[in-house]
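Note sheet for the following structure.
The values are calculated or read from the model by the stated rules, or taken from the named source; none is laboratory data. Given the structure is predicted, the values throughout are model-derived calculations rather than measurements. Virtual Cβ from ideal backbone geometry, glycine too; neighbours counted across all protein chains shown. Surface areas here come from the heavy atoms of the whole protein model, side chains and all, with no ligands, DNA or RNA. Shrake-Rupley method; radii C 1.70, N 1.55, O 1.52, S 1.80 Å.
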Amino acid sequence: MRVAVLGAGAIGAYVGAALHRGGTEVHLVARGAHLAAIRSNGVTVLSPRGDFTARTPATDDPAGIGPVDYVFLGLKANSYASAGPLLAPLLHDRTVVVAAQNGIPWWYFHGLKGPYEGRRIESVDPGGAVTQVLDLDRAIGCVVYCSTELEGPGVVRHLEGTRFSIGEPAGGPSGRCERFSAAMVAGGLKCPVEADIRNDIWIKLLGNAAFNPISALARATMVEIATHRGTRQMVRLMMEESLEIAAALGCQPDISVDKRIDGAERVGGHKTSMLQDLEKDKPLELDVILAAVVELADLTGVPAPTLRAVHAVADLLASKVGV
């Protein structure tokens, strides 16, 4: 089995290193000083579960890799529509794309029986631009329950979590999910194949849709948001509204709002990815994390006043970043 990691940042490089350790042929697509360090010294993973180094091939030109069986997509979702030239050389007729993205994926209504089957979500797939690049039939969903950061070029600090839940958009078991799961497990990761990956999407999104934009607006850490009386209540309202939207779409994620907030508080002084992007003047992943949730509220007729208010202010902030 050949795997290419397109976007070998902190999560991508960690997954690639783990797959390599488990015996899978892995190729990393990276750039700059990070790429140079990987080429010279491999990927070094520093982890409470044990440090290790994986000397994987790495390049900034996917054409040098050629077609692979799986592409693990570690790019931010706002880069998907422009990723066609990077992705095309990696594809053969049966190549599977495992998209480890935050928020609502472009394939959300693909294979979902019911009144919204096949519907496109404009916030995440404007004009079908993402679907043109990432064919719906290639997609496997992936929800990341893992925290990593780049400590330096070629060096990944693994903080916590090893779970990467995957699943078919149409639900149920599949050989292509089982094969990828086995490779991840061989590398020391958890990779359950979920019967309905959308439940995991909403469980993860519950926190992202609330904590990410608030952290950027307030420039606050997880624990600061969770322990401030006003923002804690705002997070609770946003989570409750998100669950109402999920229910209207036929999803019933088994999660307690208070336990979700308490879990975020225990994370401590962690900066969300959106706050980190803001501080680096990088585009914010607002479309898939919050705009899509508001669009789904419109679709299902859920009022969601708190989500809408936070989105309005965060959208103004996002318009000023990276300009």
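Numbers below:
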read-out	value
Spatially close lysines, pair count over the chain: Cα under 30 Å, gap of eight or more or interchain	24
Fraction of alpha-carbon pairs over 17 Å apart in the stretch 3-149 - percent	61
Efficiency of FRET from Cβ geometry, residue 219 and residue 266, R₀ 25 Å, rounded to 0.05	0.75
Whole-Hz ³J(HN,Hα) from phi, Karplus 6.51 cos²θ - 1.76 cosθ + 1.60, for the stretch 232-249, glycine and proline x	4, 5, 5, 4, 4, 5, 5, 5, 5, 5, 5, 5, 5, 5, 4, 5, 5, 9
J(HN,Hα) series, the stretch 255-264, from Karplus relation 6.51 cos²θ - 1.76 cosθ + 1.60, nearest Hz, glycine and proline x	8, 9, 4, 5, 5, 5, 5, 4, x, 5
Net dipole in debye of the stretch 1-92 [+1 Lys, Arg Cβ; -1 Asp, Glu Cβ; about Cα centre; nearest 20]	160
Fraction of accessible area attributable to carbon and sulfur, the chain (%, probe 1.4 Å)	51
Contour minus Cα-Cα distance for residue 61 and residue 40 (0.36 nm per residue)	5.9 nm
GNM result for the chain, Cα springs below 10 Å: residue of 237, 28, 284 fluctuating most strongly	237
Among 167-178, 304-315, the order from most to least packed when residues are scored by Cβ within 10 Å on average	304-315, 167-178
Principal-axis tilt of helix 32-41 within the chain, Cα atoms, nearest 10 degrees	40
Angle between the chain longest axis and helix 175-186 axis [Cα atoms, degrees, rounded to 10]	80
Given charges at Cβ of Lys, Arg, Asp, Glu: the stretch 17-171 dipole, positive-most of 133, 66, 165	165
Amide H contacts of residue 159 (H built 1.01 Å from N, under 5 Å, at least 5 apart or other chain)	147, 148, 149
Largest to smallest principal axis extent of the C-alpha atoms in the chain, angstrom	50, 42, 38
Rounded FRET efficiency, nearest 0.05, which uses the C-beta distance separating residue 53 from residue 240 and R0 of 45 Å	0.50
For the stretch 6-75 versus the stretch 246-308, the gap between their alpha-carbon centres in whole angstrom	29
Surface accessible to a 1.4 Å probe, residue 21 within the full protein complex, Å²	120
The chain: relative contact order as a whole-number percent, Cα under 8 Å and 6+ apart	16
Amide hydrogen neighbours beyond the local backbone of residue 7, cut-off 5 Å, H modeled	29, 74
Total charge dipole magnitude, the chain, about the Cα centre, Cβ charges on Lys, Arg, Asp, Glu only, Debye to nearest 20	620
Amide H contacts under 5 Å for residue 272, placed H, 5+ residues apart	222
